[in-house]
1. Suppose R0 equals 45 Å. What FRET efficiency, 1/(1 + (r/R0)^6) with r the Cβ-Cβ distance, do A:GLU179 and A:GLN132 give to the nearest 0.05?
2. Which one, A:PRO256, A:PRO54, A:PRO152, has the greatest fluctuation when you compute a Gaussian network model over chain A with C-alpha springs under 10 angstrom?
3. Net charge within 13 Å of B:LEU154 by Cβ-Cβ distance, Lys/Arg positive one each and Asp/Glu negative one each, not counting B:LEU154 itself?
4. Which shape class, rounded, prolate or oblate, goes with segment A:3-82 when its Cα gyration tensor gives a ≥ b ≥ c as root eigenvalues, a/c under 1.5 marks rounded, and past that a/b bigger than b/c marks prolate?
5. Quick one: Cα centre-to-centre distance for segment B:28-57 and segment A:245-264, in angstrom?
6. List the distances, in nm and shortest first, from the label point of A:VAL215 to the matching label points in every other copy, placing each point 7 Å from Cα along the Cα-to-Cβ direction.
7. Suppose R0 equals 35 Å. What FRET efficiency, 1/(1 + (r/R0)^6) with r the Cβ-Cβ distance, do A:ARG110 and A:ALA190 give to the nearest 0.05?
8. Using the Karplus equation 6.51 cos²θ - 1.76 cosθ + 1.60 (θ = phi - 60°), what ³J(HN,Hα) coupling, rounded to whole Hz, does each residue of segment B:8-24 give in order, writing x for Gly and Pro?
There are 2 protein chains.
Amino acid sequence: MTPRALQSLVAIAEHGSLSRAAEVCHLTLSAVSMQMKALEAELGASLFDRTTRPPRLTPLGRAAAEEARALLAAERRLRDLCAGPGLAGEWRIGFIQTASVRILPGFLARAAAQAPRARFAVETGLSESFAQAVARGRLDAAVITRADPVPPGLRLVTLASEELVYALPPGAQRLAPAEAFARLRFLQFAPETGIGRLVAAHLAAAGLQPARRVVLDGIEAIMESVAGGLGFTALPAPDVARYAGPGVTMRPMRDPALTREVVLAVLAGSPAEREADRLAALMRG
Amino acid sequence: MTPRALQSLVAIAEHGSLSRAAEVCHLTLSAVSMQMKALEAELGASLFDRTTRPPRLTPLGRAAAEEARALLAAERRLRDLCAGPGLAGEWRIGFIQTASVRILPGFLARAAAQAPRARFAVETGLSESFAQAVARGRLDAAVITRADPVPPGLRLVTLASEELVYALPPGAQRLAPAEAFARLRFLQFAPETGIGRLVAAHLAAAGLQPARRVVLDGIEAIMESVAGGLGFTALPAPDVARYAGPGVTMRPMRDPALTREVVLAVLAGSPAEREADRLAALMRG
DNA sequence: GGAATTTACGGCACACGTAATAATG
DNA sequence: CATTATTACGTGTGCCGTAAATTCC
């Protein structure tokens, strides 16, 4: 049951004789004859009626040729999958929350158009666990917030650099940040997230002690709370812009400025590293 | 790209390492390693990330394993098609008109239940051309009206013996056949058909000369015409019974009696001959 | 008799096991 | 240091081409 024998069987079904099939397959008539004999022996069935010249396919032989066609089509699909240029295969990619909203849809759309032989199994989660998953090979790549130190073995490709800004609730437009920390609730993004960790470290380094603090684990929830006057926050400017309600004001951070990098993380030395730039290009748009 | 190598690839995808795959496939670790190396060379793609132990499948490798699964499933379908007992394959069978109405539906229903691995490509036509088609191998079998002499090389299995009867129109119940031939139109089934030929030969042998004759090529059309009073006819009793309208009377032929045999014709010596009895059993019900 | 298929035979390629070596965790 | 994979090497299987024998038309 070598693929070549099945190819010959299909050729016989198409051309009606072993000799013509042999020509088409660039084989000797003798080789084709032996292939068919071996095939019949292996399948334990008679595929040909040999009481006539040329031998005719039996009903079973015709059906077998049909199945052989399907098998050969599967083989061609396998070859095509690997042969073509560009991204191919099943990519397991993690996206942090902000990226799943701002990057993922465009990425999938562009990938479907420009890399039709690639499929994507996407999951959402936190930067830290994604970094570990990429390092361990459970994921091929992940879009995360860059955190120092860079885990060893990971290569990072920057997708975007985003300035963090304060978002102040309605009625607090004039409030200086220092006053805000004294007088308002600080709505803090959960510190197990990349952004949350960055903000917490920033506060500690700048010696900023919020009078009151509420920890939330969703950006949209935080911004809705800001719009509702519950307090202020510090988040990437694009997210603030995305979710800011009426009356919410955006104020650059000057204590000092803080940016977060959205990066694509891949395992250094892995095959994914060679495709990292291509993936990043699809993610940037 | 031998099937065994693909089997190994799938096993690696399932079990996560070459060594476990080798166990499962009853192969040496070395053999599996070489299979994968050969596979990558043939496909021109790297399926494994070998910077780690055990090597991990690349995204392309995972997708390739998926396609390999499909290919192996196709192989299993081919084996299953040929392995099982009973009728299998694609049978090209011809049915004459009367058989297509009275035998074909039940045959297909019983075959679907009792021979699920068989498919049937059915066509309708005339006994004579079907006999030729079976003799030439264009059809595997045909249900036809037996005609003497039996074409050489054909084997016939009787499915049914049907008496031919006269069908007389409303108002002619009392008419003796001899009178009918003198006074009524004879609605004759087209003589290129098996029944038509039989009837024509019978008339000639019995010296019966219809006063007027109309040739039609459909049994239903003939019987509708009889019911409409256009004339009388001679047809197999089951067909007359099937289509007889109100007032139509059936009268046995006594000049002398005439029967037609419905037979299954197969090519002697062909693989189909070995299945002829099984086919006939499915046709008789 | 002639075309097509099957059988016989020889060579070559290749898949696999054993064993030694290398690389990763 | 143990586990796992790769490389080296030898053997046997089996695929295929050439050529002779056979079979059907």
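Only the coordinates and a few stated rules stand behind these numbers; no lab work does. Values in this document were obtained by computation on a predicted structure and should not be read as measured data. Because the Cβ atoms are built from the backbone with ideal geometry, glycine has one as well, and the counts that use them run over all protein chains shown.
1. Values: r = 40 Å, r/R0 = 0.88.
Taking R0 as 45 Å, the efficiency between A:GLU179 and A:GLN132 is 0.70.
2. In the Gaussian network model the winner is A:PRO54.
3. Values: positive: B:ARG136, B:ARG146, B:ARG155; negative: B:GLU128, B:ASP140, B:ASP148, B:GLU273.
Residues close to B:LEU154 contribute a combined charge of -1.
4. On the way: a/c = 1.96, a/b = 1.49, b/c = 1.32.
Prolate, since a/c reaches 1.5 and a/b exceeds b/c.
5. 48
6. From this label point to the equivalent ones elsewhere in the assembly: 9.9 nm.
7. Details: r = 31 Å, r/R0 = 0.88.
Using R0 = 35 Å, I get an efficiency of 0.70.
8. Ordered by residue, 3J(HN,Hα) equals 5, 4, 4, 5, 5, 4, 7, 10, x, 7, 5, 5, 5, 4, 4, 4, 4 Hz.
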